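Here the structure is laid out as structure tokens; the discussion comes afterwards.
Read-outs throughout are calculated quantities, based only on the coordinates presented, and are distinct from any laboratory measurement. For clarity, every value in this text was computed on a predicted model and none was experimentally measured. Please note: Cβ atoms are built from the backbone with ideal geometry, for glycine as well, and neighbour counts cover all protein chains shown.
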Ligand code: FES
């Protein structure tokens, strides 16, 4: 895997609607797969698109309504 940046919206709406669980999943995934050097996990502020949240950004791609299933698909495509 080459290096990727995963940005998780930490705004209150996205966080309450799933990014709390998504963040825990990502942290565990990175640890379990020893991907510290390849996946950089960062937080993002609310960008005002809460209706379609929770939002996760991977490199330059924006994903809406992200859940763990969707994250697994995104991660396997990297
Ligand atoms: S809280 Fe994530 S876009 Fe508003």
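Relative to the longest principal axis of the C-alpha atoms of the chain, give the angle of the C-alpha long axis of helix 20-32, reported between 0 and 90° and rounded to the nearest 10°. Computed tilt is about 0 degrees. Mean sequence separation of contacting Cα pairs (under 8 Å, at least six apart), scaled by the length of the chain, corresponds to a relative contact order of 43 percent.
Each of 28, 70 has some number of other Cβ atoms within 10 Å of its Cβ, and from fewest to most they run 28, 70.
Taking the Cα atoms of the chain, the ratio Rg/Rh between the radius of gyration and the Kirkwood radius comes to 0.94. Largest GNM mean-square fluctuation across 39, 26, 52, computed for the chain with C-alpha springs under 10 Å, falls on 52.
Largest GNM mean-square fluctuation across 65, 47, 21, computed for the chain with C-alpha springs under 10 Å, falls on 47.
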